[in-house]
Amino acid sequence: MIGNMIEMIRKKKNMTKTKLSELTGINIGHLTHIEKGERNPSHRALYSICKALDIPFEELSHTYDKELSEEQKQYNYINYISYNQVPVFSCIEDFIDCPAKFSNASFACIVPDNSMSPILEKNSTVFIEIAGLLSNKDIGLFKADDKFVIRRFLYRKNDIVLRAEDKSIDDIKISELKDFKIIGKIYM
C-alpha cells in the first residue's frame, strides 16, 4: 500500500519518478519497485521521499506494511486516506493505558454520542489506529465534510456508506460529500 500511496502523491504533485529520484538520491529502478509494491522503502528512504514530496513522514508511515484488499482497490480506498494532514486536538485530557491487544492504536477518543449504541456507548473510550485499513463492516473515525463521526464502514452498490447503529440516523454516502477522509480504525 505504501508504494501505491507514494505513486499517487507523486502524480498528484506532477512529479516524475526521475525528479523524485534526483531529490531523494534513490535509484529510479528502486523507486519503481517501491511504487509497484515489490519492495518497501527503508525508513530512511521513506523519510527522504516524504521530504521530497513535501508531506509529513508520520502520516505516510502509517501505511507501511499494509496491503489493500481487492474490495478496497475496487472502491478506491486509497483516495480517502489523509497523507498531508494531521489531526488537530483542542485539548488532551489525559493519558490512558493502551491494552496490548490494541498495540496498533495511535490515540484514544471518548465517544461523543449514542449514534453507535449499543456497541459503543456515549462517553466510552475507543482506541484508534491512524490510517488503519478498514474492511467492510469495521467501525472507524471519519471526517464527513465538516463533521467527525464514528460509524460502521460499508461497501454498498458502487459507493461507501457510513452507518450508525441507531437506525433513526441516516446513512452517510461518501459520494454525496464534498470532503471525506478516513482517520482511522476503531478498536474496542
| request: Decide, for the stretch 2-67, between rounded, prolate and oblate: order the square roots of the alpha carbon gyration tensor eigenvalues as a ≥ b ≥ c, take rounded if a/c falls under 1.5, and otherwise choose prolate if a/b is larger than b/c, else oblate. | output: rounded
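To the nearest 20 Debye, how big is the dipole of the chain about its Cα centre, given +1 on the beta carbon of each Lys and Arg and -1 on that of each Asp and Glu? Working shown, then result.
On the way: 27 positive and 27 negative charges, 140 e Å.
For the chain, the charge dipole is close to 680 debye.
Based on the alpha-carbon gyration tensor of the stretch 79-154 and its eigenvalue square roots a ≥ b ≥ c, which shape applies: rounded if a/c is under 1.5, prolate if not and a/b is larger than b/c, or oblate? Don't skip to the end; give the middle numbers.
Numbers: a/c = 1.22, a/b = 1.09, b/c = 1.12.
Cα axes put the stretch 79-154 in the rounded bin.
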| said: Using the Karplus curve 6.51 cos²θ - 1.76 cosθ + 1.60 with θ = phi - 60°, what ³J(HN,Hα) values do you get for each residue of the stretch 164-171, in whole Hz, with x for Gly and Pro? | reply: 7, 6, 6, 5, 7, 9, 5, 5
| task | Report the label-to-label distance for ARG156 and GLN85 in nanometres (one decimal), using points 7 Å from each Cα along the Cα→Cβ vector. | result | 2.3 nm
| Among GLN74, ILE34, PRO112, whose Cα lies farthest out toward the positive end of the dipole of the stretch 32-113, if unit charges sit on the beta carbon of Lys, Arg (+1) and Asp, Glu (-1)? | ILE34
| request: Over the alpha-carbon set of the chain, divide Rg by the Kirkwood Rh and report the Rg/Rh ratio to two decimals. | output: 1.00
| note | The ³J(HN,Hα) series, computed from each phi in the stretch 76-85 with the Karplus coefficients 6.51, -1.76 and 1.60 at θ = phi - 60°, rounded to the nearest Hz and given as x for glycine or proline, is 6, 3, 4, 5, 9, 8, 7, 10, 10, 10
| remark: In nanometres, the difference between 0.36 nm per residue of separation and the alpha-carbon distance of HIS43 and PHE148 is 34.7 nm
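Mean residue ellipticity at 222 nm from the helices of the chain, using -39,500 (n - 2.57) per DSSP H segment of n ≥ 4 over the full residue count, to the nearest 500 deg cm²/dmol? Kindly include the intermediate steps, with their values, before the conclusion.
Details: 6 runs with 48 residues, N = 188.
Using -39500 (n - 2.57) per qualifying helix, the result is -7000 deg cm²/dmol.
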| query | Based on the Cβ-Cβ distance from ASN27 to GLU58, what FRET efficiency comes out when R0 is 30 Å, to the nearest 0.05? | reply | 0.75
| message | Could you check the spin-label model distance between ASP94 and ILE110? Points 7 Å from the Cα along Cα→Cβ, value in nm. | response | 1.0 nm
| GLY184 long-range amide H proximity, modeled H, under 5 Å | ALA131, LEU141
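What is the calculated FRET efficiency for ILE119 to LYS12, with r their C-beta to C-beta distance and R₀ = 45 Å, to the nearest 0.05?
Values: r = 36 Å, r/R0 = 0.80.
With a Förster radius of 45 Å, E is 0.80.
Read-outs throughout are calculated quantities, based only on the coordinates presented, and are distinct from any laboratory measurement. No experiment lies behind these values; they were computed from the predicted model shown. A quick note on method: Cβ atoms are made from the backbone with ideal geometry, for glycine too, and the neighbour counts reach across all protein chains shown.
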